[in-house]
Amino acid sequence: MKLFTKDILNKLPALQETAQLSSEEITVPLKLFGGSCTWYIYEYDPETGIGMCFANLGNPVFAELGSVSVPEIKEALGFMLQRDRHFKPMILSEIIEIVENGGHV
């Protein structure tokens, strides 16, 4: 399965494009997961494979906003890294609230 479809790439802003926006103004079009880790990607550079995301690496208490290297997580997780094909774009602040309260998106 492709992690990034053309449709998703068209919806992902370039790096720093949403830097001046609040989390209530940012739409997350992509959810990747593997093992107990989940990345909600809201900016992406297809040339470098770097994205900005809200990451939950297994414990919602320590979930955080930051950058991610998709090639590095692909290398580490291999076939376990997948795109959630059922994920519908959501507002970043809503995802953060759900995850921090122990819920699943």
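The table for this structure:
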{"quantity": "Residue tally, condition assigned to a helix (DSSP H, G or I) and open to solvent by 30 Å² or more (accessible area, probe 1.4 Å), over segment 76-92", "calculated": "5"}
{"quantity": "Where a residue in segment 1-15 is in contact (Cβ under 8 Å) with a residue 60 or more places away in the chain and under 12 Å from Arg83 (Cβ atoms) and its partner, wherever it lies, is part of a helix (DSSP H, G or I) and of a type in the set (D, E, K, R), with Cβ under 9 Å and at least six apart", "calculated": "Leu3/Lys74"}
{"quantity": "So Val105, is it part of a strand (DSSP E or B) and closer than 13 Å to Leu32 by Cβ", "calculated": "no"}
{"quantity": "Matching option when the condition is more than 22 Å from Lys2 (Cβ to Cβ) and of a type in the set (A, V, I, L, M, F, W, C), among Ile50, Ile98", "calculated": "Ile98"}
{"quantity": "Test: residue in segment 50-65 that is over 14 Å from the mean Cα position of the chain (by Cα), modelled with pLDDT under 95, closer than 24 Å to Glu97 by Cβ and among the aliphatic types (A, V, I, L, M)", "calculated": "yes"}
{"quantity": "Test set (1) closer than 13 Å to Ser69 by Cα; (2) in contact with an Asp or Glu (Cβ under 9 Å, 6 or more places away or on another chain); (3) of a type in the set (Ser, Thr, Tyr) - Thr18 fails condition number", "calculated": "(1)"}
{"quantity": "Qualifying position, being modelled with pLDDT of 95 or more and open to solvent by 80 Å² or more (accessible area, probe 1.4 Å), among Pro13, Pro29, Pro46", "calculated": "Pro46"}
{"quantity": "Selected residue (criterion: farthest from Ile73 (Cα to Cα)) from residues of segment 16-47 that are of a type in the set (S, T, N, Q) and touching a residue at least 12 places away in the same chain (Cβ under 8 Å)", "calculated": "Ser22"}
{"quantity": "Contacts under 8 angstrom Cβ, first residue in segment 57-75 being open to solvent by less than 20 Å² (accessible area, probe 1.4 Å), partner acidic (Asp, Glu), 6 or more apart", "calculated": "Ala63/Glu100"}
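The values are calculated or read from the model by the stated rules, or taken from the named source; none is laboratory data. Computed from a predicted model, the values in this text were never measured in an experiment. Reconstructed Cβ throughout: ideal geometry from the backbone, glycine too, with neighbour counts over all protein chains shown. Areas reflect the complete protein model, heavy atoms only, side chains present, ligands, DNA and RNA absent. Shrake-Rupley method; radii C 1.70, N 1.55, O 1.52, S 1.80 Å.
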